[in-house]
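Student: Pasting in a structure now, in structure tokens, and then I'll have a few things to ask.
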Amino acid sequence: MENRVREIRTKENVQQKDLAKTVGISRQTLSLIEKGEYNPSLKLCFNIAKALKTDLNTLFWNEGVNNR
Amino acid sequence: MKEPLFIKLVKNFYGISKPFDEFAKDVINDAGNKIAIWLMVYLIISAYALMVLISWFSPMNVVSGLIIADTFVYFVASAYIGRIIRKNKLDRYEFDNEEERKIYSKRFIISRLFMSVLILLLAMYPISTWFRYMGMYQSIWPIFIGYFTGNLVAIYMQYCRLFKR
């Protein structure tokens with residue numbers, strides 16, 4: 001799954017450790033999500049989107065699915 | 001959010017130092033399921049093997065063999081889960097400054113020492129009783145001292161890996 005978590009987090013000027021703490025995960029997990037090495041659950045996706053004041057479609061999408 | 005007692009127990013048992021998030025849960029569930037399958041296979045095979053062996057050899061020797069085999073399997077399972085934890089870096093502490101590093105390292109040493117002493121105390125009576133029964137009384141203290149020294153070395157090596165820069 002592709003994502004723009006790092007891009008939007010940087011734009012929102014939120015530090016990795018702060019976002020991780022807000023959504024209740026470790027920095028390592030957030031880093032894996034940002035690199036696309038771990039697919040988070042829908043609930044976690046929602047929480048991340050909410051913490052970054054954005055929506056799911058902006059943050060996550062499936063590679064090859066033409067929805068953008 | 002306060003962690004439930006069970007989560008604290010799981011984290012302490014596996015040596016996880018980070019928040020028990022869904023990634024950690026996935027890793028532990030996967031490894032735990034594999035271990036559970038292998039343990040069940042081992043249990044059923046050892047039960048059938050015991051039935052046969054006990055009719056061939058002295059029950060005392062068979063039970064002694066089972067104790068050694070169980071201990072060996074326990075160490076293999078521990079080593080496997082330890083490898084998975086290290087591979088996925090779940091035992092790494094996330095600290096930002098020297099103060100946090102000191103707090104975490106102190107907490108790490110105290111908890112590991114506490115667990116070592118607790119396991120040693122729990123194992124002392126059954127192991128010494130068994131060794132005495134087997135007529136190997138002289139080997140009891142070297143084994144306990146060896147176990148504790150080995151544990152101290154392991155704790156120090158873990159400390160170096162996790163906290164020394």
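Student: What's the longest bit of chain A with no exposed GluC sites (Glu not before Pro), using DSSP loop states and at most 14 other Cβ atoms within 10 Å as the test?
Tutor: The longest such stretch corresponds to A:38-62.
Student: Beyond 28 Å, what percent of the Cα pairs of the protein assembly as shown remain?
Tutor: Cα-Cα pairs of the protein assembly as shown separated by over 28 Å account for 50 percent.
Student: Still on this model: Roughly how much accessible area, to the nearest 100 Å², goes out of reach of solvent when A and B pair up, both sides summed, probe 1.4 Å?
Tutor: Buried: approximately 1000 Å² between B and A.
Student: May I ask you to list the chymotrypsin sites (Phe, Trp or Tyr not before Pro) in chain A that are in a DSSP loop and have at most 10 other Cβ atoms within 10 Å of their Cβ?
Tutor: Sparse-neighbourhood loop chymotrypsin sites (Phe, Trp or Tyr not before Pro): none present.
Student: How much length is gained if the chain between residue B:94 and residue B:80 is pulled fully straight, taking 0.36 nm per residue apart and subtracting their Cα-Cα distance, in nm to one decimal? Mind showing how you got there, number by number?
Tutor: Working: separation 14, 0.36 × 14 = 5.04 nm, distance 2.35 nm.
Going from the current span to full extension adds 2.7 nm.
Student: OK, next. Using +1 on the beta carbon of Lys and Arg, -1 on that of Asp and Glu, and nothing else charged, what's the dipole of the stretch B:1-92 about the Cα centre, debye to 20?
Tutor: 380
Student: Per the Kirkwood treatment, what hydrodynamic radius in Å, one decimal, follows for the stretch B:13-63 from the mean inverse distance over all distinct Cα pairs?
Tutor: Across the stretch B:13-63, the inverse of the average 1/r is 13.7 Å.
Student: Taking only protein heavy atoms and a 1.4 Å probe, what accessible area per residue, in Å², does chain B have with all protein chains in place?
Tutor: Here the per-residue accessible area is 70 Å².
Student: For chain A, what number results from the quotient of the Cα radius of gyration and 2.2 N^0.38 Å?
Tutor: In units of the 2.2 N^0.38 Å rule of thumb, it is 1.01.
Student: Next up: In nm, give the distance between the simple-model label positions of residue B:25 and residue A:22, each being 7 Å from the Cα along the Cα-to-Cβ direction.
Tutor: Using points 7 Å along Cα→Cβ, the separation is 2.2 nm.
The values are calculated or read from the model by the stated rules, or taken from the named source; none is laboratory data. None of these values were measured; they are calculated from a predicted model. Every residue, glycine as well, gets a Cβ built from its backbone with ideal geometry; the counts of neighbours run over all protein chains shown. Keep in mind that these areas ignore ligands, DNA and RNA; they rest on the heavy atoms of the full protein, side chains included. Shrake-Rupley method; radii C 1.70, N 1.55, O 1.52, S 1.80 Å.
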